[in-house]
Amino acid sequence: MTETFVRYEYAEGVARITLADGERGNPIHPASVGQLHDAVRAARRDAARVVVLAAEGRFFSVGGDLGAFAGSDDVAGFIDDLAERLHRVVSELVRSDAIVVSAVQGTAAGAGFPLAAAADVVVAAETAKFSLAYTKVGLSPDGGSSLLVHTLGLHRTLRLALLGDLLTAQEAYDAGLVARVVPADELAATVDRLVAGLAAGSATANAAAKRLLREVAAPAPESALRKETLSIRALADTADGREGVAAFVEKRAPRFGG
């Protein structure tokens, strides 16, 4: 029996995609990304007007499953394949005519951060945090992290990538990433109200506005995503990349030499 990592539901023009491996922090690995891609394509087939991306548990997503990375015989190939699969998901969300709303209830780390940010409207609980932690494990950002520059600005994104800074929900709101910050127990109801308003609006006008604004902000998102894949794949094959992943799995400080 196939384990369920992502749940898909559709009703009255609204597709709900839920990361459902909450006990493990909704890590990103080939099986979860495969199910996520299937869900995004199902939303397209159902002609959803709005897509809600949410998660169960304490974390929105802890990011890539580094234990799975370390257990692979070909780490660079494994990461290359995983990044490409995840980037197809991000591209589908960005290019979709549906308005995508993400509900972030906890920490969105690593690739979980740009996945949440791929939405057109991000709603965060006060408990939410956003973190790019790639360089701590000897890797470069993927999952659409480079697209954050268009929202957060170059130097704020560099700070997140290089210094390991966290964005709180309020800081993400102040930076323009998050549309609403609400108490955790009001997150679902707030998202439902926003979704109801979007679903009742003009689907053609909403889609046109999304296409127009996203085209101005990032005319070639797939080019950026491809560069991310090539970069993280190359780093996975370096001594620092292997050391970073190993240190994380072994729960020790990495000893980088590069």
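Of the helices (runs of 4 or more DSSP H) lying entirely inside segment 177-258, the ones with 3 or more residues being free of Cβ contacts under 8 Å to residues at least 60 places away in the same chain and of a type outside the set (S, T, N, Q) are found at 187-200, 203-217.
Look at Lys227 and say whether it is within 19 Å of Asp80 (Cβ to Cβ) and either open to solvent by 50 Å² or more (accessible area, probe 1.4 Å) or in contact with a strand residue (DSSP E or B) (Cβ under 6 Å, 6 or more places away or on another chain) (or both). It is true that Lys227 is within 19 Å of Asp80 (Cβ to Cβ) and either open to solvent by 50 Å² or more (accessible area, probe 1.4 Å) or in contact with a strand residue (DSSP E or B) (Cβ under 6 Å, 6 or more places away or on another chain) (or both). Candidates are the residues of segment 125-159 that are of a type in the set (A, V, I, L, M, F, W, C) and open to solvent by less than 30 Å² (accessible area, probe 1.4 Å); the one that is nearest to Arg255 (Cα to Cα) is Val137. Does Ala103 satisfy being touching a strand residue (DSSP E or B) at 6+ places or on another chain (Cβ under 7 Å), over 19 Å from Ala43 (Cβ atoms), surrounded by 22 or more Cβ atoms within 10 Å (Cβ to Cβ) and modelled with pLDDT of 95 or more? So Ala103 does not fit the description; no. Pairs meeting the criteria (first residue in segment 142-162 and under 15 Å from Glu228 (Cβ atoms), second residue crowded, with 20+ Cβ neighbours inside 10 Å and of a type in the set (D, E, K, R), beta carbons under 7 Å, at least 6 apart or on different chains) are Asp142/Glu228; Ser145/Glu228; Ser146/Glu228. Filtered by the rule that a residue be hydrophobic (A, V, I, L, M, F, W, C) and in a strand (DSSP E or B), segment 102-119 gives Ala103, Val104, Ala108, Ala109. Scanning segment 25-37 for residues that are open to solvent by less than 20 Å² (accessible area, probe 1.4 Å) and not β-branched (Val, Ile, Thr) yields Gly25, Asn26, Pro27, His29, Ser32, Leu36. Residues that are in contact with a Phe, Trp or Tyr (Cβ under 7 Å, 6 or more places away or on another chain) and surrounded by fewer than 21 Cβ atoms within 10 Å (Cβ to Cβ) within segment 4-24 comprise just one, Ala20. Quick one: is Ala188 in contact with a strand residue (DSSP E or B) (Cβ under 8 Å, 6 or more places away or on another chain), within 17 Å of Thr127 (Cβ to Cβ) and crowded, with 17+ Cβ neighbours inside 10 Å? Here the answer is no, as Ala188 does not meet what is asked.
The values are calculated or read from the model by the stated rules, or taken from the named source; none is laboratory data. Here the structure is a predicted model, which means the values were calculated and not measured. Neighbour counts run over all protein chains shown; Cβ positions are idealised from the backbone, glycine included. Only protein heavy atoms, including side chains, enter the accessible area calculation; ligands, DNA and RNA are left aside. Shrake-Rupley method; radii C 1.70, N 1.55, O 1.52, S 1.80 Å.
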